[in-house]
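All remarks here apply to the structure that follows.
The values are calculated or read from the model by the stated rules, or taken from the named source; none is laboratory data. No experiment lies behind these values; they were computed from the predicted model shown. Heads up, the Cβs are rebuilt from the backbone with ideal geometry, glycines too, and the neighbour counts pull from every protein chain shown. We work out accessible area using only protein heavy atoms, side chains counted, and drop any ligands, DNA or RNA first. Shrake-Rupley method; radii C 1.70, N 1.55, O 1.52, S 1.80 Å.
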Amino acid sequence: MPKPEHAEVPALTPEKLAPLREKLRGALCFPGEPGYEQARTLWNAMIDKHPGAVVRAAGAADVMRAVDFARDHDVLLSVRGGGHNVAGNAVCEGGLMIDLTPMKSVRIDPVRRTARVEPGVTLGEFDREAQAFGLATPLGINSTTGVAGLTLGGGFGWTSRKLGLTIDNLLSADVVTADGKLLHASEEENADLFWALRGGGGNFGVVTSFEFRLHPLGPMVLAGLVVHPFSRAKELLAGFRSFTATAPDELTAWVVMRKAPPLPFLPPEVHGKEILVFAACYVGDAEEGLKALAPLRALGQPIADVIGPAPFVAWQTALDPLLTPGARNYWKSHDLRELGDAAIDVLLDSVRRLPSPECEVFIGTLGGAIGRVPADATAYSRRDVRLFVNVHTRWTDRTQDAECIRWARSLFAALTPYATGGVYVNFMPEDEAQRVQGAYGSNWERLAKVKAKYDPGNLFRLNQNIRPAS
């Protein structure tokens, strides 16, 4: 029988875990021991859970033994990759946590143009290794994000319109399933599991190794920011809507609306005032990129335009200062049918009422190569989505929790009439279990059947959970 998501957790003691500890190559740590606080501390400071014990895995064998222990002793299990997911499911309260962050190997094969990546690797670490050979695979927009969680949810960023989702470039994966076995999943082997891993999150096991396809890219790209006064936001968003409708696949442009941080290229009188920012990246010939970006750069009268040639590795870290660990975070997200005038009015009204200086609203563009893959080819089904909004609520003072969460939920509710009902699983907070089925759309029933095959007891349930089919 599948376990409920919040079942009672048996107490873990050193005596009970002694047999497991003796078998591990990595470390097993309890509260107060070295490594414990490091493992349980996540990017989102709202998450403050205390596992009964942590296995700091050194390899697949450690993961297999930890999974066996959790299953055989009916222990709540959580799995940490990069620890960047806003929902905080990487840490359990009182149960056993598998910490994959010590597993940091990245092996690039420049001849075959493939990469073998372990689950503790971050985007920045992967990028630096691949770019040493002028290669890359599509990843996200924040270098401290973990490769594992990003991939399992789908994965998109600056190069996805040209090269597809992260999962579209996944060639195979090694997975420890709920029975403690290590399986190889690819199009040729355990194909149903491979299908489910590509977008189905951590529901089907613990991936201990990813194999990715690499593409020639960089080392330089054409990228940067165009910053505008918020007073012109409505006409700018209308222009952005027209611009993105015909943009080539090589070009990705997003919008960020927030209060201006003290960036060196912004005049001091702008700091702390609401701004609208176009963030853009062109992966292709620089001259063609300048032509493609010209209409976007011609909109309005910007405060600053810092688009130019940049090392791809550096551009991948450009938004890191806005997403540093240690702040309190709560996200709400919608896939939009279109960026119509009414939806724009809702967004602008909310940005005028930002509850903290670090809150921001992202408007992201998808499409291109992402949309040319059939919706049922992978677990990720949102192939027709061209626009999404991520309400990124961020603050540091815990006394603002209620105010900030209320603001995010209010904006989310006001945007609902203009949304498709779908959502990207990697953007979902912990309190959105009712949206999981909508995130997978027509793939839901197939996912539930694969879940029943590989995890019939729902051992892997601390995630955006897919319950096994009965």
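For the chain, with every protein chain kept in place, what is the accessible area per residue (1.4 Å probe, Å²)?
With the other protein chains kept in place, the chain gives 38 Å² per residue.
Write out the GluC sites (Glu not before Pro) in the stretch 324-404 meeting two conditions: DSSP loop, and at most 15 other Cβ atoms within 10 Å of their Cβ. Kindly include the intermediate steps, with their values, before the conclusion.
Values: sites: E338, E358, E360, E403; in loops: E338, E358.
Passing both the DSSP loop test and the Cβ count: E338.
Enumerate by residue number the GluC sites (Glu not before Pro) in the stretch 144-225 meeting two conditions: DSSP loop (anything except H, G, I, E, B), and at most 13 other Cβ atoms within 10 Å of the site's Cβ.
Details: sites: E187, E188, E189, E211; in loops: E187, E188, E189.
Hits after loop and neighbour filter: E187, E188, E189.
Going through the stretch 235-311, which trypsin sites (Lys or Arg not before Pro) have at most 15 other Cβ atoms within 10 Å and a DSSP loop state? Each step should come with its number before you reach the end.
Working: sites: R241, R258, K259, K273, K291, R297; in loops: K273.
Hits after loop and neighbour filter: K273.
Debye calculation, C-alpha points only, no solvent: report log10 I(q)/I(0) for the chain at q = 0.06, 0.14 Å⁻¹, in the same order as the q values.
-0.25, -1.41
Quickly work out the K453-to-Q437 label distance, labels modelled 7 Å from Cα along the C-beta direction, and quote it in nm with one decimal.
2.2 nm
Could you calculate, for the stretch 320-470, the ratio of the Cα radius of gyration to the Kirkwood radius, expressed as Rg to Rh?
Working: Rg = 16.9 Å, Rh = 16.9 Å.
Checking Rg against Rh, the ratio lands at 1.00.
At 222 nm, what helix-only mean residue ellipticity would the chain give, in deg cm²/dmol to the nearest 500, using -39500 (n - 2.57) for each DSSP H run of four or more?
Values: 14 runs with 126 residues, N = 470.
Helices in the chain give a 222 nm mean residue ellipticity of -7500 deg cm²/dmol.
Once a ≥ b ≥ c are taken as the square roots of the eigenvalues of the Cα gyration tensor of the stretch 215-321, is the result rounded (a/c under 1.5), prolate (a/b larger than b/c) or oblate (a/b not larger than b/c)? All intermediate terms of the calculation are to be shown ahead of the outcome.
Working: a/c = 2.21, a/b = 1.32, b/c = 1.67.
It is oblate, given that a/c is not under 1.5 and a/b is not larger than b/c.
For the chain, which whole percent of the accessible surface, found with a 1.4 angstrom probe, sits on carbon and sulfur atoms? Don't skip to the end; give the middle numbers.
Details: 9600 of 17970 Å².
Heavy-atom surface of the chain belonging to carbon and sulfur, 1.4 Å probe: 53 percent.
Express as a percent, rounded to the nearest 5, the fraction of DSSP beta bridges in the chain (both residues included) that run antiparallel. Please report the intermediate quantities before stating the final value.
Values: 68 of 76 bridges.
Of those bridges, close to 90 percent are antiparallel.
A314 to A402: extension gain in nm, 0.36 nm per residue of separation minus the Cα-Cα distance?
Numbers: separation 88, 0.36 × 88 = 31.68 nm, distance 3.59 nm.
Difference between extended and current length: 28.1 nm.
Taking every Cα atom in the stretch 418-470, find the radius of gyration and the maximum pairwise distance Dmax, and write them in Å.
Final numbers for Rg and Dmax: 11.5, 38 Å.
Using the basic label-point model (7 angstrom from Cα toward the beta carbon), what is the D285 to F30 distance in nanometres?
Placing both labels 7 Å along Cα→Cβ, they lie 6.6 nm apart.
Run the numbers for E187 and R232: contour at 0.36 nm per residue of separation, minus the present Cα-Cα distance, in nm.
Details: separation 45, 0.36 × 45 = 16.20 nm, distance 4.93 nm.
Gain on stretching E187 to R232: 11.3 nm.
For V450, what is the net charge nearby, where nearby means another residue's Cβ is under 14 Å from its Cβ and Lys, Arg count +1, Asp, Glu -1? Don't skip to the answer; put the middle values down first.
Values: positive: R198, R446, K449, K451, K453, R467; negative: D192, D376, E445, D455.
Charge balance near V450 sits at +2.
How would the stretch 196-248 be classified by its alpha-carbon gyration tensor: rounded, prolate or oblate, with rounded meaning a/c under 1.5 and the a/b versus b/c comparison settling the rest?
Prolate.
Convex hull volume of the Cα atoms in the stretch 261-300, per residue, in Å³? The partial results should precede the final answer.
Working: hull volume 3.8 nm³, N = 40.
Cα convex hull per residue, to the nearest whole number: 96 Å³.
Over its Cα atoms, what ratio of radius of gyration to 2.2 N^0.38 Å does the stretch 259-341 give? Please report the intermediate quantities before stating the final value.
Working: Rg = 15.5 Å, N = 83, 2.2 N^0.38 = 11.8 Å.
Dividing the Cα radius of gyration by 2.2 N^0.38 Å gives 1.32.
R337 label point, 7 Å along Cα→Cβ, cut-off 17 Å on backbone N: hits in the stretch 362-393?
Label zone hits: 384-389.
Whole percent per 10 Å bin, from 0 to the bin with the longest distance: what is P(r) over all C-alpha pairs of the stretch 118-190?
The distribution over the stretch 118-190 is 19, 49, 26, 6, given as percents.
So what's the projected area for the stretch 20-118, the Cα convex hull averaged over all directions, in nm²? Walk me through the intermediate numbers first.
Details: hull surface 28.9 nm².
Directional mean of the projected Cα hull area for the stretch 20-118 stands at 7.2 nm².
Compute the separation of the alpha-carbon centres of the stretch 418-453 and the stretch 227-278 and state it in Å as a whole number.
So the separation of the two Cα centres works out to 31 Å.
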